[in-house]
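Notes to accompany the following structure.
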Amino acid sequence: MNERTLVEIVPWSAGHLELLHRMNAPEMTEHLGGPETEAQVAERHERYMRIAEKGAGRMFAVVLLPGQELVGTVGYWDRTWQGEQVCEMGWGILPAYQGKGIATAAVAQAIEAVRAEGARREIHAYPGAGNPASNAVCRKLGFALIGEIEFEYPPGSWMRCNDWRLAL
């Protein structure tokens, strides 16, 4: 099966709150500072729903085909990084679906969505330095490794990340 046909990314909607709760498991958040509280998950869901309205990016649910199973998230958003406005991309796939090329296929589709908008020249991704799977996604999709950095996420928590950049 072609990677592009494995998954579909669909715009984030109110019906995706349960997926966000499933993504909040300890094994899913170990590289991101740990699980969030119920209030934080609700706020994240609201942010995901509003991001496209602000023109600041887009969030998607990752749907496994042909069964239409919700298996993860992918998105991109604007942020200030080292004094510049950049487009950041992030993703996560539920543990039962990892290692099957789903993240790579979903991120490839999200990259195409960024390209189609035509408003950004490059994308950055900041996977944890100790997260080999997410770093492999960057490598497979042609991101260039800029280097290892200290990254604050969530606010107040610092982690070692790799800064990957993809020119569009």
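What follows is calculated from the coordinates using simple rules that are stated; it is not laboratory data. Predicted model, so just to flag it, every value in this text is computed and none were measured. Neighbour counts are summed over all protein chains in view; Cβ atoms, including those assigned to glycine, are modelled from backbone coordinates with ideal geometry.
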Of the DSSP H helices in the chain, those whose Cα atoms cover at least 15 Å axially and whose Kyte score averages -0.5 or more: 102-117
Value in Å of the Kirkwood radius, where region 1-81 supplies the Cα pairs that are averaged: 13.6
Dipole moment magnitude, nearest 20 debye, region 3-119 about Cα centre, only Lys, Arg, Asp, Glu C-beta charged: 200
Stokes-Einstein translational diffusion, region 63-149 - Kirkwood Rh over all Cα pairs, 0.692 mPa s, 37 °C, in µm²/s: 237
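Would you calculate, for the chain, the mean residue ellipticity at 222 nm contributed by helices, counting each DSSP H stretch of 4 or more residues as -39,500 (n - 2.57) and dividing by all residues, to the nearest 500? Write out the running numbers ahead of the final one.
Working: 6 runs with 53 residues, N = 168.
Only helices count here, giving -9000 deg cm²/dmol.
Treat region 15-59 as a sphere of radius equal to its Kirkwood radius over Cα pairs and apply Stokes-Einstein at 20 °C in a medium of 1.002 mPa s; give the translational diffusion coefficient in µm²/s, rounded to a whole number. List each step's numbers first, then the result.
Values: Rh = 11.2 Å.
Taking Rh from Cα pairs, D becomes 192 µm²/s.
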Cut-off 17 Å (backbone N to label point 7 Å along Cα→Cβ of residue 157), residues of region 74-104: 90-93
Dimensions in Å of the chain - Rg and Dmax from alpha carbons: 14.9, 44
